[in-house]
1. Six or more apart or on different chains, Cβ under 7 Å: which pairs go from a residue in the range 267-290 that's part of a loop (DSSP other than H, G, I, E, B) to one that's buried (at least 18 other Cβ atoms within 10 Å of the Cβ) and hydroxyl-bearing (Ser, Thr, Tyr)? Could you list them?
2. Among 209, 186, which is the only one that is touching a His at 6+ places or on another chain (Cβ under 9 Å) and under 12 Å from residue 150 (Cβ atoms)?
3. Can you say whether residue 93 is more than 21 Å from residue 116 (Cβ to Cβ) and touching a residue at least 60 places away in the same chain (Cβ under 8 Å), as far as the supplied structure shows?
4. Restricting attention to the range 188-208, does a residue exist that is in contact with a Pro (Cβ under 9 Å, 6 or more places away or on another chain) and buried (at least 23 other Cβ atoms within 10 Å of the Cβ)?
5. For residue 234, all conditions in the list (1) touching a residue at least 40 places away in the same chain (Cβ under 8 Å); (2) hydrophobic (A, V, I, L, M, F, W, C); (3) not assigned by TED's automatic domain parsing to the domain that holds residue 48 hold save one; what is the number of the exception?
6. Check off (1) out of contact with any helix residue (DSSP H, G or I) (no Cβ under 8 Å at 6 or more places or on another chain); (2) within 26 Å of residue 90 (Cβ to Cβ); (3) in contact (Cβ under 8 Å) with a residue 60 or more places away in the chain for residue 208 and give me the number that stays unchecked.
7. Any idea which residue in the range 94-134 is farthest from the chain's Cα centre (by Cα), counting only those that are farther than 23 Å from residue 256 by Cα and of a type in the set (Ser, Thr, Tyr)?
8. Scan the range 138-179 residue by residue and report those that are over 16 Å from the mean Cα position of the chain (by Cα), at positive phi and either touching a residue at least 60 places away in the same chain (Cβ under 8 Å) or not in a loop (DSSP other than H, G, I, E, B) (or both).
Amino acid sequence: MKKLRNIAAVLAISVGLSGPALAEGTIGLVLSTLNNPFFVTLKEGAEAKAKDLGYKLLVLDSQNDPAKELANVEDLLSKKISLLLINPTDSDAVVSAIRAANRAEVPVVTLDRGATGGDVLSHVASDNVQGGMMAGELIVKVLGGSGKVVELQGVAGTSAARDRGEGFNAAVDAVAGIVVVASQVADFDRTKGLNVMENILQAQSDIDAVFAHNDEMALGAIKAIESSNRDIIVVGFDGTGDAVMAVKEGAMLATVAQQAARIGSIGVETADAILNGKAVAKYSPVPLQLITK
């Protein structure tokens with residue numbers, strides 16, 4: 001890599017080029033799923049920044065399958081990528097893929113969701129614990145410190161689900177009048193959010209609020225609640241376009257907005273710094289915003 005950069009520099013001088021050195025190399029981006037608007041936006045942010053910096057970006061979809069994720073990483077490694085950006089399907093399962101990159105001496109940066117093992121040079125994400133706490137504190141405030149709430153959890157084993165749940169429960173557990181009557185997994189999926197919420201509504205006659213670990217589940221829950229003709233407030237997480245519209249229309253109380261495009265963009269910026277031999281932060285936080293009507 002160093003030899004290639006030296007050759008590029010000599011060529012640039014010889015033909016009279018000026019300005020910043022041209023970036024080189026191919027970056028691989030493996031996403032947990034592209035069946036989710038949040039990760040589509042993340043991809044677009046990464047693509048825009050890669051184009052701006054002059055990198056080729058290869059994007060693969062793991063379809064929420066750890067086995068597919070490992071195969072995707074192995075495919076990219078066979079293409080001699082310079083660096084791997086990965087958004088894990090599962091924080092534990094992704095370790096095998098990261099270690100494969102480590103063995104190939106390809107630097108790794110995780111996006112949105114962290115990994116529990118392997119050598120990761122940097123992690124780019126929102127503070128999910130803080131975001132979950134923001135959602136919980138809003139629900140406590142709106143309910144006046146008393147009420148029954150439901151938690152719809154994301155994919156078990158992901159750092160995002162764990163951290164958002166941790167922050168939310170820390171906020172509501174601190175208030176004696178708030179009781180979590182149900183906490184069930186709906187895998188960050190809108191249809192599963194709908195189905196799980198329908199079952200909870202049948203089992204629980206008294207529900208005041210729902211916190212969903214992402215907007216897709218929140219939007220599914222809203223459909224179930226509307227069908228039941230019950231008055232229940234819903235808070236989501238991610239700040240997707242559909243969720244923001246639901247907030248403006250009054251169907252959703254709020255969404256904790258991540259900047260998906262910014263996560264993708266910072267991921268590529270971090271990759272560029274690593275490939276140019278610069279020091280990078282172990283963790284790059286991306287600010288959150290609570291969106292209400």
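1. The qualifying pairs are 280/122; 280/270; 281/122; 282/122; 286/126; 288/126.
2. 186
3. Taking the combined requirement at face value, the residue does not satisfy it.
4. Taking the range 188-208 and keeping what is in contact with a Pro (Cβ under 9 Å, 6 or more places away or on another chain), we get none.
So far as the range 188-208 goes, no, none of its residues is in contact with a Pro (Cβ under 9 Å, 6 or more places away or on another chain) and buried (at least 23 other Cβ atoms within 10 Å of the Cβ).
5. Unmet for residue 234, out of (1) touching a residue at least 40 places away in the same chain (Cβ under 8 Å); (2) hydrophobic (A, V, I, L, M, F, W, C); (3) not assigned by TED's automatic domain parsing to the domain that holds residue 48: (1).
6. Here residue 208 clears every test but (2).
7. 96
8. Scanning the range 138-179 gives a single hit, 147.
The values are calculated or read from the model by the stated rules, or taken from the named source; none is laboratory data. Quantities reported herein were computed from a predicted structural model and do not represent experimental measurements. Virtual Cβ from ideal backbone geometry, glycine too; neighbours counted across all protein chains shown.
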